[in-house]
Amino acid sequence: MRFDGVRFELIKDDLNLTNVLSLTPDQQGDLWLRLPLPRPTLLRYRQGKIENVMADFGIPKTTVAAMNVAQNGALLLWVLKGEGRAVIQRGNKFETIVTPQKLSRSPVLAIAETSDGDIWIGTRDAGLYRFR
């Protein structure tokens with residue numbers, strides 16, 4: 001459903017979405033949807049359409065474990081492909097900004113950027129990690 005401040009509007013899609021783990025708007029006003037496996041785990045709602053843009057953005061066959069908005073308004077993701085990495089949206093691509101060498105195997109649940117540019121990673125069982 002979409003609420004414009006006065007009324008709700010049903011958003012129809014061909015994917016039959018039933019579970020959405022999180023929603024995050026970006027600096028262009030698009031809405032990013034993080035989904036559970038086995039389907040693509042990142043979709044974009046733009047101009048009334050839901051798009052699977054993972055391959056277009058250079059992260060095909062990747063699981064998005066956490067997402068947030070960076071200080072500059074871009075989308076910040078923790079993606080799992082191999083060991084996991086933090087990526088940030090730059091135009092129509094995602095660029096790796098953190099590739100931790102010794103991060104716990106505990107699942108990443110949250111990612112955030114502070115005003116000084118540090119990236120914080122919250123895990124299920126191993127606490128917080130900060131990357132400068």
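The values are calculated or read from the model by the stated rules, or taken from the named source; none is laboratory data. Fair warning: this is a prediction, and the values are worked out from it, not measured in the lab. Reconstructed Cβ throughout: ideal geometry from the backbone, glycine too, with neighbour counts over all protein chains shown. Accessible surface is based on the protein model in full, side chains and every heavy atom, while ligands, DNA and RNA are left aside. Shrake-Rupley method; radii C 1.70, N 1.55, O 1.52, S 1.80 Å.
Taking the options ARG44, ARG85, name whichever one is open to solvent by less than 40 Å² (accessible area, probe 1.4 Å) and among the basic types (Lys, Arg). When all the criteria are applied, what remains is ARG44.
Could you check, for region 51-59, whether at least one of its residues is touching a residue at least 24 places away in the same chain (Cβ under 8 Å) and crowded, with 18+ Cβ neighbours inside 10 Å? There is at least one residue in region 51-59 that is touching a residue at least 24 places away in the same chain (Cβ under 8 Å) and crowded, with 18+ Cβ neighbours inside 10 Å.
So, of the residues in region 10-36 that are farther than 15 Å from GLN89 by Cβ and in contact with a Phe, Trp or Tyr (Cβ under 8 Å, 6 or more places away or on another chain), which turns out to be most open to solvent (accessible area, probe 1.4 Å)? For region 10-36, the residue satisfying everything is LEU23.
The residues on offer are THR114, THR99, THR63, THR123, and the sole one that is of a type in the set (Val, Ile, Thr) and open to solvent by 50 Å² or more (accessible area, probe 1.4 Å) is THR99.
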